[in-house]
1. Looking for something among the charged types (D, E, K, R) and within 14 Å of another protein chain (Cβ to nearest Cβ) - is there at least one such residue anywhere in region B:290-301?
2. Residues of region A:219-237 being not in a helix (DSSP H, G or I) and not charged (D, E, K, R), which ones?
3. Show me the helices (runs of 4 or more DSSP H) entirely contained within region B:250-317 in which 3 or more residues are among the charged types (D, E, K, R) and at pLDDT 95 or above.
4. Condition first: crowded, with 18+ Cβ neighbours inside 10 Å, within 12 Å of DNA strand C (Cβ to nearest atom) and not hydrophobic (A, V, I, L, M, F, W, C). Can you find one or more residues in region B:25-44 that meet it?
5. So which residues in region B:129-147 are closer than 30 Å to B:VAL274 by Cβ, at pLDDT below 95 and touching a helix residue (DSSP H, G or I) at 6+ places or on another chain (Cβ under 6 Å)?
6. Take A:ASP69 and decide whether it is modelled with pLDDT under 90, among the acidic types (Asp, Glu) and part of a loop (DSSP other than H, G, I, E, B).
7. Return only the number of the condition from (1) at pLDDT 85 or above; (2) facing chain B (nearest Cβ under 9 Å); (3) out of contact with any Asp or Glu (no Cβ under 6 Å at 6 or more places or on another chain) that A:THR97 does not satisfy.
8. Of everything in region A:24-69, what is of a type in the set (D, E, K, R) and more than 15 Å from DNA strand D (Cβ to nearest atom)? Give them in sequence order.
Protein chains: 2
Amino acid sequence: MRVTIRDVARAAGVSVTTVSRALNGAQDVGEETRQRVIEVAKQLNYRPSHVARSLVLRKSQNIGLLVSDFRKGGHHFLYDVLVGVHDTLAEYGYDVTLVSTDTARQQLVSYVDFCRARGLDGVIVMGIRLDDPYVEEVVESTLPSVVIDLPLLSRHCGYVMTDNVNGARYAVRHLVSRGCRRIGFVNGAAHAAVSRERLRGFEEAVRQYVGVYDDRLVVYGDFTLEGGQRALAELLARAPEVDGVFFASDLMAIGGLQHCRAAGIRVPEDLAVVGFDDIDLARFVTPALTTIAQPRYEMGCEAAKMLVHMLQKGEMPSGTLLPPQLVVRETA
Amino acid sequence: MRVTIRDVARAAGVSVTTVSRALNGAQDVGEETRQRVIEVAKQLNYRPSHVARSLVLRKSQNIGLLVSDFRKGGHHFLYDVLVGVHDTLAEYGYDVTLVSTDTARQQLVSYVDFCRARGLDGVIVMGIRLDDPYVEEVVESTLPSVVIDLPLLSRHCGYVMTDNVNGARYAVRHLVSRGCRRIGFVNGAAHAAVSRERLRGFEEAVRQYVGVYDDRLVVYGDFTLEGGQRALAELLARAPEVDGVFFASDLMAIGGLQHCRAAGIRVPEDLAVVGFDDIDLARFVTPALTTIAQPRYEMGCEAAKMLVHMLQKGEMPSGTLLPPQLVVRETA
DNA sequence: CTGTTAGCGCGTTCAG
DNA sequence: CTGAACGCGCTAACAG
């Protein structure tokens with residue numbers, strides 16, 4: 001922060017204003033003056049201060065990445081999204097500031113205040129739950145935001161998520177194509193928006209491809225390995241005739257696989273299994289997990305793109321659904 | 001950014017200066033004045049502008065997290081470190097800005113300029129390679145920085161890494177305790193600093209616990225799954241009598257496991273295997289991978305702590321080695 | 001086409 | 001104990 005616009009102005013023998021104009025591509029400046037200024041600036045290795053610029057322009061070119069549930073060993077789902085967000089935002093010339101809800105909560109401020117204090121131009125929200133008190137704030141605030149994996153839509157808030165309904169449909173269709181007739185569903189936590197949608201897709205698909213729908217075949221895990229184990233045990237105790245199970249997350253599916261091994265159930269011969277997410281583990285467990293892949297990186301990119309369009313072109317926020325993809329491996 | 005310090009001053013019937021002093025805990029302000037100011041500020045939901053404050057204080061309370069190799073599906077190693085960095089920095093009142101070397105490179109600016117332009121107070125560097133041209137810059141610049149996994153030490157640059165030498169020693173000692181006598185080593189890419197240290201630890205331990213050291217038993221993968229497969233095949237072709245292998249990463253070890261399965265080699269009966277990292281996969285592969293765990297989250301915390309101490313107390317940077325831990329599972 | 005004058009919102013001398 | 005004045009580095013009117 002040593003060499004300022006003034007130094008450049010002095011060295012080039014012009015006024016500060018002229019330097020600003022020359023460097024920012026304004027029209028009203030002589031071509032040779034501009035060249036000279038640019039030359040001098042390069043010579044001096046001048047870098048405009050983003051801070052000073054933010055102050056006067058009231059725009060920071062800085063976007064917050066608000067992460068709930070940002071914890072050690074947590075969802076590596078977040079990582080790919082984060083990289084997508086960062087890559088895209090960097091392309092558009094925005095910086096990314098990490099914000100965790102915990103931090104805001106500890107400081108007892110609303111997350112909007114948190115962002116405003118930092119002059120963030122907008123926010124991308126990840127990992128937030130339906131029942132989080134921040135949800136209301138996100139929807140109602142005028143701070144431009146895009147939420148991932150939660151269908152919140154308002155004047156200043158859009159969302160990006162996987163097409164969970166169709167994802168669930170693909171899973172069921174695949175199980176049916178493998179000969180399954182009694183298909184169970186281990187859903188994730190009820191407070192997650194995605195759980196509702198996957199349930200809807202499951203039900204629709206079962207009605208369509210199997211005919212009869214029996215809601216006794218739906219149980220709830222909580223997206224965890226242990227939850228998946230427990231839920232599958234519960235399901236099989238209730239309905240031993242089940243020949244295929246769709247898990248709303250790979251982690252739960254892997255828990256289910258462990259239960260099968262312990263209980264002597266052969267996969268996929270006795271029970272076919274399909275997961276959701278396509279986490280790294282999926283290809284490595286034995287048998288390798290058939291699953292519905294989410295386009296994590298692309299979700300990050302889309303969210304970033306939407307936010308930038310809102311910011312730069314004043315576009316209205318929208319809801320974007322990204323297509324999931326069936327990845328066939330060994331469990332179904 | 002609507003309500004400013006001036007609004008608070010007016011509402012409280014004092015000057016701007018007094019508000020500043022009252023809110024920042026300065027001594028020279030009347031207790032009742034302070035209370036009134038605080039009250040009014042709360043009433044108005046006033047949040048000081050970090051941008052304005054940064055400009056005048058020449059400190060942004062914002063730290064860059066510079067990530068090389070920041071890509072889709074890449075090292076999830078980074079994620080845990082990142083969370084550690086963020087958590088710790090948040091505690092100390094610092095924000096975290098994501099910076100990727102690619103972004104800087106594309107803009108053809110040195111990363112130091114990149115950080116200075118943004119007024120970052122310091123940087124934590126991850127994933128950088130020994131042969132990266134930025135290394136020189138990191139060491140020589142006056143921008144306070146802490147590097148992870150690369151032993152760079154200078155006036156303004158410290159580092160945090162796992163004690164790789166001892167990690168390798170633990171691995172060898174464990175293999176020996178399991179009866180191995182001819183121990184091979186699949187090292188990672190040579191350009192990684194950690195590779196050298198792991199090799200050193202390996203050699204020292206073999207000399208100590210086995211007696212004879214044969215450098216024909218050292219081969220190089222490149223930290224990838226396929227690299228591990230290839231390297232193990234090469235090693236066994238060269239020295240079929242090998243009865244234990246230490247891999248410098250879990251991913252390579254898992255590649256090795258796949259090779260073993262394909263080649264009909266029983267693990268751990270015919271060949272004992274120890275990995276390095278303790279990635280999530282390690283517990284889930286079959287047989288489950290015995291490995292040396294790196295304290296990823298803690299590395300992030302330590303790096304952040306060191307940087308803050310440098311910034312706030314003017315402490316000299318140092319080199320911190322964090323202890324790895326042997327996690328015994330099924331492969332050795 | 002260029003320079004002068006005003007702030008952006010805040011912390012900090014330095015007088016009172 | 002308090003306030004007026006100044007400046008952080010930069011852009012944006014408004015002249016000339």
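The values are calculated or read from the model by the stated rules, or taken from the named source; none is laboratory data. What you see is a predicted model; the values in this text were computed from it and never measured. No Cβ is skipped: glycine too gets one built from the backbone with ideal geometry, and neighbour counts run over all protein chains shown.
1. Yes - at least one qualifying residue is present in region B:290-301.
2. A:VAL219, A:TYR220, A:GLY221, A:PHE223, A:THR224
3. Filter on region B:250-317 gives B:296-313.
4. Checked against the condition, which is being crowded, with 18+ Cβ neighbours inside 10 Å, within 12 Å of DNA strand C (Cβ to nearest atom) and not hydrophobic (A, V, I, L, M, F, W, C), region B:25-44 yields no hits at all.
5. Selection gives B:LEU130 alone.
6. Yes.
7. Unmet condition: (3).
8. Going through region A:24-69, the residues of a type in the set (D, E, K, R) turn out to be A:28, A:31-32, A:34, A:36, A:39, A:42, A:47, A:53, A:58-59, A:69.
Once the filter is applied, which keeps residues that are of a type in the set (D, E, K, R) and more than 15 Å from DNA strand D (Cβ to nearest atom), region A:24-69 yields A:GLU31, A:GLU32, A:ARG36, A:GLU39, A:ASP69.
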